[in-house]
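All remarks here apply to the structure that follows.
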Amino acid sequence: MKLKKSPFEQLSDYSREVATWNTISNLLEWDQEVYMPTEAIEFRSAQNSLVTSHTHKLKTGSKFAKLLSALINIESGEILDPSLSPAQKSALKVWRKDYLKSVKLPNSFIKNLVTTTTKACSAWALARKESNFKKFAPHLEKIVKLNQKKAAYLGYEASPYDALLDLYEPDSTIAKLTPLFDSLKVGLKELLHKITARPQVNNRFLHQEFEAGAQLEFSKTLLHAMGFRPETSRLDLSSHPFCTPMHPTDIRMTTRIHLDDVMSNLFSALHEGGHGLYGQNLPVEFFGTPLGEQVSLGIDESQSRFWETRIGKTRPFWERFLPDLQTAFPQFKGVTLDEFYAAINTVTPSFIRVEADEVTYTLHVILRFEIEKELIEGTIKVKDVPSVWNKKMDELLGITPPKDALGCLQDIHWSLGSMGYFPTYALGNLYAAQFFEKFSSDHPDWEQKIAQGNLTFIRDWLKTHIHQWGRQYSPHELVEKITGKPLSEKPYLNYLTKKYQRIYGL
Ligand code: CO
């Protein structure tokens, strides 16, 4: 006799089907960045929009609503079956929240957004190439208006920007972020001031010529040490590094090779590896349900920053891997561990966010947050973005971009229609720092272990404390659960201050 599945299992099955369709989109996008011949782009867009609109229909359709409303009152959020486990109850809340968000945005709005951003992306690429903001401005105006509209559809209390933030980082509002970011600005600027007053460390030996094949091999060595196997993951090349964790058995990562900078590739690999491990360690039995998904973009970014900076930019990590690096790249022969460690941690104000060091990176992000917020609230105009940007660069980093290509035209996010996304980059650093305090108190011998080449205990700690829960806890609940304290900027500031005091002899 076949037992009838429980309503929760039926909902999970349906949700898994939606998620599987979603991963087909992911695969098309991955292929587009990695292998697709360029002239296939129009056909690819047709393939992708077919799959995307089908997925959207499944997500917002009546079948899903029916399955969901058997377990939770969609209007009030009341759970209708008290016998469900706490994990199942929290999954229902997430399903309901996601569902309400997707049905609030009318199909016509989504279509309009897609058409606008497709045009905006090519306009942005051209504007950046020519460093001509005026060519991008009319598109940005449309995108700001569409985002204001989106916020109105979604609803908000204090600021329309809060509605956009909530799409990427639940728990985050302007009211919560502003004090954190204001305090970061003060602390980071002060630290940067002290560092720039000191003689710069020598990092010239990092810029020599490094053969591409050997570079790719070495990044694979590092991913292997982190715990990746070729049977369940891949590392390929793309123009911008990214990670698509499709399923715990299929993690796609990419890196980018600059012939004159092997470390850029290695840190990208560690970064994407951090995202990848999160995807790999999610409970496979809950794939496609909220219990098998990443908490938020910010928590996801905390995992990549954890591996890239808190492990990959430490002395013990290179105590283990520098000899191997010197074998693969004899260019590094004669470089001492101290010299190498100082060089990979050079701090210097620069124009481009993605190339920024640990101290200046978050300042780049705060700048974008402040501008986005004002654009959405309507307190600054699109035409003033370049001048506001340059003024803020001077205030925060003490430098002024000589052209907009090195300023407000550098990032793709706005042309993709994403506003409210940038803060997750800064939050990733804050979460990572707060998690690291607990990690290092649980493993007081972490430095010795890493120096001996043991990275397994790091992976296990992250799995136990973060990955295994899926979206059972919201970002701030997770931080409190792990560290016993609310999210704070202090662990991050303390870490940076201590680390760079030593390197720069402050
Ligand atoms: Co990332």
- Task: Spot the failing condition for residue 186; the list is (1) surrounded by fewer than 19 Cβ atoms within 10 Å (Cβ to Cβ); (2) in contact (Cβ under 8 Å) with a residue 60 or more places away in the chain; (3) hydrophobic (A, V, I, L, M, F, W, C), and only one is missed.
- Result: (2)
- Item | Condition met for residue 65 (within 16 Å of residue 10 (Cα to Cα) and in contact with a helix residue (DSSP H, G or I) (Cβ under 9 Å, 6 or more places away or on another chain)) | yes
- Could you run through segment 378-427 and say how many residues are part of a helix (DSSP H, G or I), under 28 Å from residue 493 (Cβ atoms) and in contact with a Phe, Trp or Tyr (Cβ under 9 Å, 6 or more places away or on another chain)? 7
- Filter the helices (runs of 4 or more DSSP H) completely within segment 291-347 down to those with at least 1 residues that are more than 16 Å from the ligand (Cβ to nearest atom) and aromatic (Phe, Trp, Tyr). 315-328, 337-344
- Which residue pairs have Cβ atoms under 8 Å apart, sit 6 or more places apart or on different chains, and have a first residue in segment 1-22 that is at negative phi and β-branched (Val, Ile, Thr) and a second that is surrounded by 18 or more Cβ atoms within 10 Å (Cβ to Cβ) and not in a helix (DSSP H, G or I)? 18/288; 20/288
- Query: For segment 155-268, which strands (runs of 3 or more DSSP E) that fit wholly inside it have 3 or more residues that are away from the ligand (no atom under 16 Å from the Cβ)?
  - Reply: 233-237
- So residue 142, is it more than 27 Å from residue 406 (Cα to Cα), in contact (Cβ under 8 Å) with a residue 12 or more places away in the chain and assigned to a helix (DSSP H, G or I): no
- Task: Return only the number of the condition from (1) in a helix (DSSP H, G or I); (2) surrounded by 22 or more Cβ atoms within 10 Å (Cβ to Cβ); (3) touching a helix residue (DSSP H, G or I) at 6+ places or on another chain (Cβ under 7 Å) that residue 368 does not satisfy.
- Result: (3)
- Query: So is residue 246 out of contact with any Pro (no Cβ under 7 Å at 6 or more places or on another chain) and over 27 Å from residue 330 (Cα atoms) or not?
  - Reply: yes
- Task: Confirm whether residue 179 is at pLDDT below 95 and not polar (S, T, N, Q).
- Result: no
- Item | Failed criterion for residue 327 (all others in (1) farther than 30 Å from residue 205 by Cβ; (2) free of Cβ contacts under 8 Å to residues at least 24 places away in the same chain; (3) among the polar types (S, T, N, Q) hold) | (1)
- Message: Please determine whether any residue of segment 431-438 is modelled with pLDDT under 95 and within 16 Å of the ligand (Cβ to nearest atom).
- Response: no
- Pairs under 9 Å by beta carbon, first residue without any contact (Cβ under 8 Å) to a residue 60 or more places away in the chain in segment 282-300, partner of a type outside the set (S, T, N, Q) and buried (at least 20 other Cβ atoms within 10 Å of the Cβ), six or more apart or different chains? 284/292; 285/291; 285/292
- Task: Would you point out the residue of segment 46-75, among those that are in contact (Cβ under 8 Å) with a residue 60 or more places away in the chain and assigned to a helix (DSSP H, G or I), that is surrounded by the most Cβ atoms within 10 Å (Cβ to Cβ)?
- Result: 67
- Task: Quickly run through segment 359-388 and pick out the residues that are under 15 Å from residue 349 (Cα atoms) and free of Cβ contacts under 8 Å to residues at least 40 places away in the same chain.
- Result: 364, 367
- Message: Going residue by residue through segment 110-118, is there one that turns out to be surrounded by 15 or more Cβ atoms within 10 Å (Cβ to Cβ), more than 16 Å from residue 45 (Cβ to Cβ) and out of contact with any strand residue (DSSP E or B) (no Cβ under 9 Å at 6 or more places or on another chain)?
- Response: no
- Among 327, 314, which is surrounded by fewer than 18 Cβ atoms within 10 Å (Cβ to Cβ), among the polar types (S, T, N, Q) and more than 30 Å from residue 14 (Cβ to Cβ)? 327
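The values are calculated or read from the model by the stated rules, or taken from the named source; none is laboratory data. Keep in mind that this is a model prediction, so the values were computed, not measured. Every residue, glycine among them, receives a Cβ derived from its backbone with ideal geometry; neighbour counts consider all protein chains shown.
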